[in-house]
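The structure under discussion appears below in the form of C-alpha coordinates.
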Amino acid sequence: MLRQSFHELTLATHGRGLNEFTREVEKWIAQNRFNEGLLTIHLQHTSASLLIQENADPDVRRDLEAFFKRLVPDGDALFIHTAEGDDDMPAHIRTALTVVNMSIPLRAGRLTLGTWQGIYLWGHRTHGHARHITLHFVGE
Amino acid sequence: MLRQSFHELTLATHGRGLNEFTREVEKWIAQNRFNEGLLTIHLQHTSASLLIQENADPDVRRDLEAFFKRLVPDGDALFIHTAEGDDDMPAHIRTALTVVNMSIPLRAGRLTLGTWQGIYLWGHRTHGHARHITLHFVGE
Amino acid sequence: MLRQSFHELTLATHGRGLNEFTREVEKWIAQNRFNEGLLTIHLQHTSASLLIQENADPDVRRDLEAFFKRLVPDGDALFIHTAEGDDDMPAHIRTALTVVNMSIPLRAGRLTLGTWQGIYLWGHRTHGHARHITLHFVGE
(Lines give C-alpha, C1' and ligand atoms only; values in the text may rest on other atoms or scores of the structure.)
Protein backbone atom coordinates (compact mmCIF):
# COMPACT_ATOMS: atom_id res chain seq x y z
CA MET A 1 0.00 0.00 0.00
CA LEU A 2 1.47 3.35 -1.05
CA ARG A 3 1.71 6.15 1.48
CA GLN A 4 2.98 9.73 1.44
CA SER A 5 4.73 12.03 3.87
CA PHE A 6 5.63 15.71 4.07
CA HIS A 7 8.47 17.53 5.87
CA GLU A 8 10.04 20.97 6.12
CA LEU A 9 13.71 21.92 6.43
CA THR A 10 15.29 25.28 7.15
CA LEU A 11 18.90 25.68 6.04
CA ALA A 12 21.27 28.62 6.30
CA THR A 13 23.29 30.09 3.44
CA HIS A 14 26.40 32.10 4.29
CA GLY A 15 26.65 34.28 1.23
CA ARG A 16 27.22 32.73 -2.17
CA GLY A 17 28.22 29.14 -2.56
CA LEU A 18 27.10 25.53 -2.40
CA ASN A 19 25.90 23.96 0.86
CA GLU A 20 25.43 20.20 0.81
CA PHE A 21 22.35 18.85 2.61
CA THR A 22 22.18 15.26 1.35
CA ARG A 23 22.45 14.00 4.94
CA GLU A 24 19.48 16.04 6.16
CA VAL A 25 17.35 14.46 3.45
CA GLU A 26 18.69 10.97 4.17
CA LYS A 27 17.99 11.45 7.86
CA TRP A 28 14.31 12.08 7.19
CA ILE A 29 14.19 8.99 4.92
CA ALA A 30 15.80 6.80 7.61
CA GLN A 31 13.58 8.11 10.41
CA ASN A 32 10.49 7.18 8.42
CA ARG A 33 11.89 3.93 7.04
CA PHE A 34 10.94 4.85 3.50
CA ASN A 35 12.03 1.99 1.28
CA GLU A 36 11.00 2.59 -2.33
CA GLY A 37 9.36 5.62 -3.88
CA LEU A 38 9.84 9.17 -5.09
CA LEU A 39 11.42 11.96 -3.04
CA THR A 40 10.71 15.56 -4.09
CA ILE A 41 12.56 18.64 -2.83
CA HIS A 42 11.18 22.15 -3.33
CA LEU A 43 13.05 25.35 -2.39
CA GLN A 44 10.69 28.22 -1.53
CA HIS A 45 12.87 31.09 -2.82
CA THR A 46 13.62 32.98 -6.02
CA SER A 47 17.25 33.89 -5.32
CA ALA A 48 18.72 30.50 -4.39
CA SER A 49 18.76 27.13 -6.15
CA LEU A 50 18.93 23.39 -5.70
CA LEU A 51 21.77 21.60 -7.46
CA ILE A 52 23.00 18.04 -7.72
CA GLN A 53 26.74 18.15 -8.22
CA GLU A 54 30.04 16.49 -7.48
CA ASN A 55 30.70 16.07 -3.77
CA ALA A 56 34.38 15.08 -4.03
CA ASP A 57 36.77 17.87 -5.09
CA PRO A 58 35.78 21.27 -3.59
CA ASP A 59 37.42 22.97 -6.59
CA VAL A 60 34.37 21.96 -8.67
CA ARG A 61 32.16 24.06 -6.42
CA ARG A 62 34.64 26.95 -6.49
CA ASP A 63 34.75 26.85 -10.31
CA LEU A 64 30.96 26.64 -10.60
CA GLU A 65 30.67 29.74 -8.46
CA ALA A 66 33.38 31.56 -10.45
CA PHE A 67 31.72 30.71 -13.76
CA PHE A 68 28.27 31.88 -12.68
CA LYS A 69 29.74 35.09 -11.25
CA ARG A 70 31.33 35.88 -14.61
CA LEU A 71 28.25 34.81 -16.63
CA VAL A 72 25.89 37.04 -14.62
CA PRO A 73 27.92 40.07 -13.50
CA ASP A 74 26.93 41.95 -10.37
CA GLY A 75 25.83 45.51 -11.03
CA ASP A 76 25.41 44.93 -14.77
CA ALA A 77 24.09 48.13 -16.38
CA LEU A 78 21.43 46.00 -18.10
CA PHE A 79 19.50 45.60 -14.85
CA ILE A 80 16.68 47.88 -13.68
CA HIS A 81 15.69 45.82 -10.61
CA THR A 82 18.45 46.84 -8.18
CA ALA A 83 16.33 47.51 -5.07
CA GLU A 84 18.30 45.15 -2.85
CA GLY A 85 21.74 45.77 -4.32
CA ASP A 86 24.09 44.71 -7.11
CA ASP A 87 23.62 41.01 -6.37
CA ASP A 88 19.80 41.14 -6.41
CA MET A 89 19.02 40.60 -10.10
CA PRO A 90 22.01 38.26 -10.66
CA ALA A 91 20.53 36.05 -7.91
CA HIS A 92 17.20 35.83 -9.76
CA ILE A 93 18.93 35.04 -13.05
CA ARG A 94 21.19 32.38 -11.54
CA THR A 95 18.05 30.82 -10.07
CA ALA A 96 16.34 30.86 -13.48
CA LEU A 97 19.40 29.15 -15.03
CA THR A 98 19.22 26.34 -12.49
CA VAL A 99 16.24 24.79 -10.60
CA VAL A 100 14.25 25.14 -7.38
CA ASN A 101 12.74 21.66 -7.32
CA MET A 102 13.75 18.11 -8.15
CA SER A 103 12.49 14.54 -7.71
CA ILE A 104 14.76 11.54 -7.07
CA PRO A 105 13.71 7.87 -7.02
CA LEU A 106 14.37 5.91 -3.83
CA ARG A 107 15.32 2.23 -3.85
CA ALA A 108 16.10 -0.14 -0.95
CA GLY A 109 15.89 2.74 1.51
CA ARG A 110 18.36 4.95 -0.38
CA LEU A 111 18.17 7.84 -2.83
CA THR A 112 19.41 6.55 -6.20
CA LEU A 113 22.13 9.18 -6.37
CA GLY A 114 25.30 8.35 -8.28
CA THR A 115 28.60 7.80 -6.49
CA TRP A 116 29.66 11.45 -6.82
CA GLN A 117 26.27 13.12 -6.57
CA GLY A 118 25.45 15.33 -3.61
CA ILE A 119 22.39 17.56 -3.12
CA TYR A 120 23.22 21.23 -2.62
CA LEU A 121 21.51 24.44 -1.67
CA TRP A 122 23.13 27.17 -3.78
CA GLY A 123 23.05 30.63 -2.25
CA HIS A 124 23.11 33.39 -4.87
CA ARG A 125 22.92 36.43 -2.57
CA THR A 126 26.13 37.85 -1.10
CA HIS A 127 24.62 37.87 2.40
CA GLY A 128 23.46 34.85 4.38
CA HIS A 129 19.79 33.89 4.55
CA ALA A 130 17.57 31.26 6.15
CA ARG A 131 16.17 29.13 3.33
CA HIS A 132 13.02 27.03 3.54
CA ILE A 133 12.62 23.70 1.80
CA THR A 134 9.64 21.35 1.56
CA LEU A 135 10.09 17.60 1.15
CA HIS A 136 7.53 15.13 -0.14
CA PHE A 137 7.70 11.35 -0.35
CA VAL A 138 5.32 8.98 -2.05
CA GLY A 139 6.00 5.26 -1.97
CA GLU A 140 6.39 2.46 0.52
CA MET B 1 -5.99 6.12 0.36
CA LEU B 2 -3.87 7.86 -2.29
CA ARG B 3 -5.47 8.89 -5.55
CA GLN B 4 -4.29 10.60 -8.73
CA SER B 5 -5.75 13.01 -11.23
CA PHE B 6 -4.83 14.43 -14.63
CA HIS B 7 -5.67 17.72 -16.34
CA GLU B 8 -4.76 19.76 -19.40
CA LEU B 9 -4.36 23.53 -19.76
CA THR B 10 -3.93 25.64 -22.87
CA LEU B 11 -2.33 29.04 -22.34
CA ALA B 12 -1.48 31.79 -24.80
CA THR B 13 1.90 33.49 -25.12
CA HIS B 14 2.03 36.95 -26.70
CA GLY B 15 5.59 36.98 -27.95
CA ARG B 16 8.48 36.77 -25.53
CA GLY B 17 7.96 37.19 -21.83
CA LEU B 18 6.67 35.65 -18.64
CA ASN B 19 2.98 34.80 -18.18
CA GLU B 20 1.94 33.83 -14.67
CA PHE B 21 -0.53 30.93 -14.38
CA THR B 22 -0.34 30.07 -10.67
CA ARG B 23 -4.08 30.78 -10.35
CA GLU B 24 -5.03 28.36 -13.12
CA VAL B 25 -3.15 25.60 -11.27
CA GLU B 26 -4.64 26.57 -7.91
CA LYS B 27 -8.11 26.55 -9.44
CA TRP B 28 -7.73 22.92 -10.49
CA ILE B 29 -6.46 22.03 -7.01
CA ALA B 30 -9.42 23.76 -5.33
CA GLN B 31 -11.99 22.21 -7.67
CA ASN B 32 -10.73 18.73 -6.80
CA ARG B 33 -10.15 19.45 -3.12
CA PHE B 34 -6.61 18.07 -3.26
CA ASN B 35 -5.18 18.37 0.24
CA GLU B 36 -1.69 16.87 0.39
CA GLY B 37 0.42 15.41 -2.38
CA LEU B 38 2.62 16.16 -5.37
CA LEU B 39 1.63 18.41 -8.27
CA THR B 40 3.54 18.03 -11.55
CA ILE B 41 3.42 20.45 -14.48
CA HIS B 42 4.70 19.50 -17.93
CA LEU B 43 4.92 21.89 -20.88
CA GLN B 44 4.60 20.12 -24.24
CA HIS B 45 6.89 22.41 -26.26
CA THR B 46 10.56 22.88 -27.13
CA SER B 47 10.58 26.67 -27.55
CA ALA B 48 8.93 27.81 -24.30
CA SER B 49 9.70 27.11 -20.63
CA LEU B 50 8.24 26.84 -17.17
CA LEU B 51 9.77 29.10 -14.53
CA ILE B 52 9.17 29.78 -10.86
CA GLN B 53 10.13 33.37 -10.19
CA GLU B 54 9.36 36.50 -8.23
CA ASN B 55 5.79 37.70 -8.68
CA ALA B 56 6.21 41.11 -7.04
CA ASP B 57 8.29 43.65 -9.01
CA PRO B 58 7.68 43.37 -12.80
CA ASP B 59 11.20 44.70 -13.36
CA VAL B 60 12.53 41.25 -12.40
CA ARG B 61 10.71 39.73 -15.36
CA ARG B 62 11.87 42.55 -17.66
CA ASP B 63 15.50 42.01 -16.57
CA LEU B 64 15.27 38.22 -16.95
CA GLU B 65 14.05 38.71 -20.50
CA ALA B 66 16.79 41.28 -21.24
CA PHE B 67 19.51 38.99 -19.88
CA PHE B 68 18.39 35.96 -21.87
CA LYS B 69 18.08 38.07 -25.04
CA ARG B 70 21.69 39.17 -24.64
CA LEU B 71 22.94 35.70 -23.65
CA VAL B 72 21.36 34.01 -26.69
CA PRO B 73 21.37 36.59 -29.49
CA ASP B 74 18.78 36.40 -32.26
CA GLY B 75 20.27 35.69 -35.65
CA ASP B 76 23.63 34.57 -34.24
CA ALA B 77 25.88 33.45 -37.11
CA LEU B 78 26.60 30.28 -35.11
CA PHE B 79 23.15 28.88 -35.87
CA ILE B 80 22.32 26.62 -38.84
CA HIS B 81 18.71 25.87 -37.83
CA THR B 82 17.01 29.11 -38.94
CA ALA B 83 14.00 27.65 -40.73
CA GLU B 84 11.45 29.60 -38.71
CA GLY B 85 13.45 32.80 -38.33
CA ASP B 86 16.10 34.52 -36.21
CA ASP B 87 14.31 33.68 -32.95
CA ASP B 88 13.92 29.96 -33.73
CA MET B 89 17.20 28.52 -32.42
CA PRO B 90 17.45 31.03 -29.52
CA ALA B 91 14.04 29.75 -28.37
CA HIS B 92 15.34 26.15 -28.27
CA ILE B 93 18.48 27.20 -26.38
CA ARG B 94 16.58 29.30 -23.84
CA THR B 95 14.34 26.27 -23.27
CA ALA B 96 17.40 24.04 -22.73
CA LEU B 97 18.78 26.55 -20.19
CA THR B 98 15.54 26.42 -18.20
CA VAL B 99 12.97 23.60 -17.72
CA VAL B 100 9.75 22.24 -19.22
CA ASN B 101 8.54 20.31 -16.18
CA MET B 102 8.49 20.66 -12.43
CA SER B 103 6.93 19.04 -9.34
CA ILE B 104 5.75 20.96 -6.27
CA PRO B 105 4.56 19.46 -2.97
CA LEU B 106 1.05 20.35 -1.80
CA ARG B 107 0.17 20.78 1.87
CA ALA B 108 -3.16 21.70 3.51
CA GLY B 109 -4.72 22.31 0.11
CA ARG B 110 -2.01 24.69 -1.08
CA LEU B 111 1.11 24.49 -3.23
CA THR B 112 4.11 24.97 -0.93
CA LEU B 113 5.34 27.97 -2.93
CA GLY B 114 7.31 30.64 -1.11
CA THR B 115 5.84 34.09 -0.47
CA TRP B 116 7.31 35.55 -3.66
CA GLN B 117 7.12 32.51 -5.92
CA GLY B 118 4.81 32.48 -8.92
CA ILE B 119 4.59 29.87 -11.68
CA TYR B 120 5.23 31.25 -15.16
CA LEU B 121 5.00 30.16 -18.75
CA TRP B 122 7.96 31.77 -20.53
CA GLY B 123 7.43 32.41 -24.22
CA HIS B 124 10.71 32.41 -26.18
CA ARG B 125 9.34 33.00 -29.69
CA THR B 126 8.72 36.56 -30.85
CA HIS B 127 5.21 35.68 -32.03
CA GLY B 128 2.35 34.46 -29.86
CA HIS B 129 1.48 30.77 -29.61
CA ALA B 130 -1.06 28.50 -27.92
CA ARG B 131 0.90 26.40 -25.40
CA HIS B 132 -0.28 23.07 -24.00
CA ILE B 133 0.41 21.94 -20.46
CA THR B 134 -0.38 18.68 -18.67
CA LEU B 135 -0.96 18.55 -14.91
CA HIS B 136 -0.74 15.50 -12.69
CA PHE B 137 -1.57 15.14 -9.02
CA VAL B 138 -0.89 12.19 -6.74
CA GLY B 139 -1.91 12.39 -3.10
CA GLU B 140 -5.02 12.80 -1.01
CA MET C 1 -5.35 1.20 -6.59
CA LEU C 2 -2.08 3.04 -7.19
CA ARG C 3 1.14 1.08 -7.61
CA GLN C 4 4.76 1.95 -8.22
CA SER C 5 7.65 0.43 -10.13
CA PHE C 6 11.39 0.97 -10.45
CA HIS C 7 13.82 0.30 -13.29
CA GLU C 8 17.42 0.95 -14.32
CA LEU C 9 18.85 1.80 -17.74
CA THR C 10 22.45 1.99 -18.88
CA LEU C 11 23.08 4.10 -21.95
CA ALA C 12 26.29 4.91 -23.81
CA THR C 13 27.48 8.38 -24.77
CA HIS C 14 29.97 8.71 -27.62
CA GLY C 15 31.59 11.99 -26.73
CA ARG C 16 29.57 15.17 -26.65
CA GLY C 17 26.09 15.33 -28.09
CA LEU C 18 22.47 14.39 -27.64
CA ASN C 19 21.36 10.74 -27.60
CA GLU C 20 17.61 10.17 -27.75
CA PHE C 21 16.23 7.42 -25.50
CA THR C 22 12.48 8.08 -25.59
CA ARG C 23 11.90 4.58 -26.98
CA GLU C 24 13.77 2.88 -24.13
CA VAL C 25 11.48 4.65 -21.65
CA GLU C 26 8.36 3.88 -23.69
CA LYS C 27 9.38 0.23 -23.90
CA TRP C 28 9.41 -0.06 -20.08
CA ILE C 29 6.01 1.65 -19.91
CA ALA C 30 4.52 -0.75 -22.49
CA GLN C 31 6.02 -3.86 -20.87
CA ASN C 32 4.38 -2.94 -17.56
CA ARG C 33 1.14 -1.68 -19.08
CA PHE C 34 1.32 1.55 -17.13
CA ASN C 35 -1.75 3.57 -18.05
CA GLU C 36 -1.89 6.81 -16.06
CA GLY C 37 0.60 8.24 -13.61
CA LEU C 38 3.94 10.00 -13.18
CA LEU C 39 7.21 8.85 -14.75
CA THR C 40 10.46 10.13 -13.23
CA ILE C 41 13.91 9.85 -14.81
CA HIS C 42 17.09 10.42 -12.80
CA LEU C 43 20.61 10.46 -14.28
CA GLN C 44 23.27 9.37 -11.80
CA HIS C 45 26.11 11.60 -13.08
CA THR C 46 27.51 15.10 -12.67
CA SER C 47 28.96 15.55 -16.16
CA ALA C 48 25.98 14.62 -18.35
CA SER C 49 22.38 15.88 -18.49
CA LEU C 50 18.84 14.99 -19.37
CA LEU C 51 17.12 17.21 -21.92
CA ILE C 52 13.74 17.32 -23.60
CA GLN C 53 14.21 18.84 -27.03
CA GLU C 54 13.12 18.83 -30.64
CA ASN C 55 13.43 15.43 -32.29
CA ALA C 56 12.86 16.55 -35.88
CA ASP C 57 15.69 18.60 -37.45
CA PRO C 58 19.15 17.35 -36.31
CA ASP C 59 20.49 20.89 -36.83
CA VAL C 60 18.78 21.88 -33.56
CA ARG C 61 20.96 19.43 -31.68
CA ARG C 62 24.07 20.56 -33.56
CA ASP C 63 23.32 24.21 -32.72
CA LEU C 64 22.61 23.42 -29.04
CA GLU C 65 25.98 21.70 -28.82
CA ALA C 66 27.74 24.61 -30.60
CA PHE C 67 26.14 27.19 -28.31
CA PHE C 68 27.06 25.35 -25.11
CA LYS C 69 30.62 24.82 -26.36
CA ARG C 70 30.99 28.57 -26.88
CA LEU C 71 29.23 29.49 -23.63
CA VAL C 72 31.47 27.23 -21.51
CA PRO C 73 34.87 27.12 -23.24
CA ASP C 74 37.12 24.11 -22.80
CA GLY C 75 40.36 24.92 -21.00
CA ASP C 76 39.09 28.28 -19.73
CA ALA C 77 41.80 29.88 -17.54
CA LEU C 78 39.10 30.48 -14.91
CA PHE C 79 39.02 26.79 -13.97
CA ILE C 80 41.11 25.19 -11.22
CA HIS C 81 39.51 21.74 -11.40
CA THR C 82 41.26 20.31 -14.47
CA ALA C 83 42.20 16.86 -13.14
CA GLU C 84 40.51 14.98 -15.96
CA GLY C 85 41.27 17.42 -18.77
CA ASP C 86 40.06 20.59 -20.47
CA ASP C 87 36.50 19.27 -20.81
CA ASP C 88 36.15 18.26 -17.14
CA MET C 89 34.91 21.48 -15.54
CA PRO C 90 32.87 22.54 -18.62
CA ALA C 91 31.00 19.22 -18.27
CA HIS C 92 30.08 20.03 -14.66
CA ILE C 93 28.94 23.55 -15.60
CA ARG C 94 26.88 22.37 -18.57
CA THR C 95 25.23 19.89 -16.22
CA ALA C 96 24.48 22.67 -13.70
CA LEU C 97 22.91 24.76 -16.50
CA THR C 98 20.57 21.91 -17.44
CA VAL C 99 19.02 19.08 -15.33
CA VAL C 100 19.69 15.51 -14.21
CA ASN C 101 16.11 14.57 -13.36
CA MET C 102 12.60 15.17 -14.67
CA SER C 103 9.05 13.93 -14.17
CA ILE C 104 6.50 13.55 -16.97
CA PRO C 105 2.79 12.72 -16.60
CA LEU C 106 1.51 9.61 -18.35
CA ARG C 107 -1.98 9.41 -19.85
CA ALA C 108 -3.70 6.54 -21.71
CA GLY C 109 -0.50 4.54 -21.69
CA ARG C 110 1.64 7.31 -23.20
CA LEU C 111 4.02 9.97 -21.91
CA THR C 112 2.33 13.35 -22.45
CA LEU C 113 5.21 14.62 -24.58
CA GLY C 114 4.47 17.21 -27.24
CA THR C 115 4.62 16.32 -30.93
CA TRP C 116 8.25 17.43 -31.26
CA GLN C 117 9.54 16.48 -27.83
CA GLY C 118 12.10 13.72 -27.42
CA ILE C 119 13.99 12.71 -24.27
CA TYR C 120 17.77 12.96 -24.60
CA LEU C 121 20.87 12.01 -22.68
CA TRP C 122 23.36 14.82 -23.25
CA GLY C 123 26.99 13.81 -23.01
CA HIS C 124 29.25 16.69 -21.95
CA ARG C 125 32.60 14.85 -21.85
CA THR C 126 34.62 14.53 -25.06
CA HIS C 127 35.07 10.79 -24.51
CA GLY C 128 32.31 8.18 -24.40
CA HIS C 129 30.95 6.87 -21.11
CA ALA C 130 28.40 4.37 -19.82
CA ARG C 131 25.66 6.41 -18.11
CA HIS C 132 23.26 5.05 -15.51
CA ILE C 133 19.66 6.14 -15.22
CA THR C 134 16.96 5.22 -12.70
CA LEU C 135 13.27 5.25 -13.64
CA HIS C 136 10.32 5.43 -11.27
CA PHE C 137 6.63 5.16 -12.00
CA VAL C 138 3.72 5.81 -9.68
CA GLY C 139 0.19 5.43 -10.95
CA GLU C 140 -2.09 2.80 -12.42
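The values are calculated or read from the model by the stated rules, or taken from the named source; none is laboratory data. Since the structure is predicted, the reported quantities are computational estimates derived from the model, not experimental observations. Don't worry about glycine lacking a Cβ; one is built from the backbone with ideal geometry, like all the others, and counts go over all protein chains shown. Only protein heavy atoms, including side chains, enter the accessible area calculation; ligands, DNA and RNA are left aside. Shrake-Rupley method; radii C 1.70, N 1.55, O 1.52, S 1.80 Å.
Below, the figures for the structure above:
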{"read-out": "Virtual spin-label span in nm between B:Asn19 and B:Ala130, 7 Å along Cα→Cβ", "value": "1.2"}
{"read-out": "Charge sum, other residues only, whose C-beta stays under 13 Å from C:Val138's C-beta, Lys/Arg counted +1 and Asp/Glu -1", "value": "-1"}
{"read-out": "Normalised contact order of region A:1-97, rounded percent, pairs of Cα under 8 Å and 6 or more residues apart", "value": "29"}
{"read-out": "Relative contact order of region B:40-140, pairs being alpha-carbon contacts under 8 Å that are 6 or more residues apart, as %", "value": "52"}
{"read-out": "Local electrostatic count at A:Leu43 - Lys and Arg +1, Asp and Glu -1, tallied over other residues with Cβ under 12 Å", "value": "0"}
{"read-out": "By accessible area with a 1.4 Å probe, ligands and nucleic acids excluded, highest first: order of B:Asp87, A:Asp74", "value": "A:Asp74, B:Asp87"}
{"read-out": "Most to least accessible of A:Leu18, B:Leu121 (protein chains only, probe 1.4 Å)", "value": "A:Leu18, B:Leu121"}
{"read-out": "Rounded accessible area of B:Trp28 (nearest 10 Å², 1.4 Å probe)", "value": "10"}
{"read-out": "For region A:84-140 versus region B:11-71, the gap between their alpha-carbon centres in whole angstrom", "value": "19"}
{"read-out": "Prolate/oblate/rounded label for the protein assembly as shown (Cα gyration tensor, a/c 1.5)", "value": "rounded"}
{"read-out": "For residues of B:6-18, the mean tally of beta carbons on other chains within 10 Å", "value": "1"}
{"read-out": "B:His132 accessible area, 1.4 Å probe, all protein chains in place, Å² to nearest 10", "value": "80"}
{"read-out": "Space enclosed by the convex hull of the alpha-carbon atoms of region A:1-50, per residue, Å³", "value": "93"}
{"read-out": "A:Glu36 - accessible surface, heavy atoms, 1.4 Å probe, Å² rounded to 10", "value": "30"}
{"read-out": "Total formal charge among the other residues, if their Cβ is under 14 angstrom from that of A:Gly17, Lys/Arg +1 and Asp/Glu -1", "value": "+2"}
{"read-out": "Inter-copy label distances at C:Thr10 (7 Å, Cα→Cβ; nm, one decimal)", "value": "4.6, 4.6"}
{"read-out": "Overall form of region C:50-92 per C-alpha gyration tensor (a/c, 1.5; a/b vs b/c)", "value": "prolate"}
{"read-out": "For chain A: rounded, prolate or oblate by the Cα gyration tensor [a/c cutoff 1.5]", "value": "prolate"}
